[in-house]
1. Just checking, does the range 55-71 include any residue being of a type in the set (A, V, I, L, M, F, W, C), at pLDDT 90 or above and within 29 Å of M1 (Cα to Cα)?
2. List the residue pairs whose Cβ atoms are under 9 Å apart, where the first residue sits in the range 87-104 and is in the same structural domain as A76 (by TED's automatic domain parsing), the second is surrounded by 13 or more Cβ atoms within 10 Å (Cβ to Cβ) and basic (K, R), and the two are 6 or more positions apart or on different chains.
3. Going by what's in this entry, would L20 be described as surrounded by 10 or more Cβ atoms within 10 Å (Cβ to Cβ) and within 25 Å of Y4 (Cα to Cα)?
4. When the range 75-112 is examined, which residues are found to be part of a helix (DSSP H, G or I), surrounded by 11 or more Cβ atoms within 10 Å (Cβ to Cβ) and aliphatic (A, V, I, L, M)?
5. So F55 fits all but one of (1) under 26 Å from Q102 (Cβ atoms); (2) in contact with a Gly (Cβ under 6 Å, 6 or more places away or on another chain); what number is the exception?
6. Pairs only if they're at least six apart or on different chains, beta carbon under 6 angstrom, first in the range 26-44 and modelled with pLDDT under 95, second loosely packed, with under 15 Cβ neighbours inside 10 Å and among the aliphatic types (A, V, I, L, M); list them, first residue then second.
7. Would you check if there is a residue in the range 73-84 being assigned by TED's automatic domain parsing to the domain that holds I106 and either more than 30 Å from K104 (Cβ to Cβ) or under 17 Å from the mean Cα position of the chain (by Cα) (or both)?
Amino acid sequence: MKKYRAFDINWETDGEEVELPTTAEFELEDDQDPSLEGADALSEKYGWLINDFDFEEISIFDHFTKTEQSEILEIARMGLAMVFTEIAEELDISDEYLNKLQEKIIKVTDEG
């Protein structure tokens with residue numbers, strides 16, 4: 001399942017004055033096209049057809065503040081560091097090589 005945020009929704013109301021959202025969220029199966037099935041999902045939810053809308057996929061991180069996102073990434077880094085340390089000990093990998101791997105992980109997660 002993937003979750004999407006629809007925005008700039010242009011509802012077909014046949015000229016009726018109806019209060020409908022201009023943004024809304026919907027979920028679809030991974031193989032469904034959000035530009036087609038998204039309109040159907042929103043129409044089913046609100047009972048009105050849609051002329052047009054834009055959408056974006058919602059990441060799990062969208063539900064967290066920037067501070068929370070940073071904390072989650074830091075916890076993930078610490079977990080990876082612990083895993084790499086255990087692997088390094090098991091495979092007798094040098095500390096220097098392990099440090100290089102950890103630096104790359106930090107660089108990649110900072111860019112993402």
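The values are calculated or read from the model by the stated rules, or taken from the named source; none is laboratory data. What you see is a predicted model; the values in this text were computed from it and never measured. Neighbour counts run over all protein chains shown; Cβ positions are idealised from the backbone, glycine included.
1. yes
2. Q102/R77
3. Here the answer is yes, as L20 does meet what is asked.
4. Selection gives A76, L80, A81, I87, A88, L98, L101, I105, I106.
5. (1)
6. As it stands, the answer is E27/M1, since those pairs meet every condition given.
7. Scanning the range 73-84 turns up at least one residue that is assigned by TED's automatic domain parsing to the domain that holds I106 and either more than 30 Å from K104 (Cβ to Cβ) or under 17 Å from the mean Cα position of the chain (by Cα) (or both).
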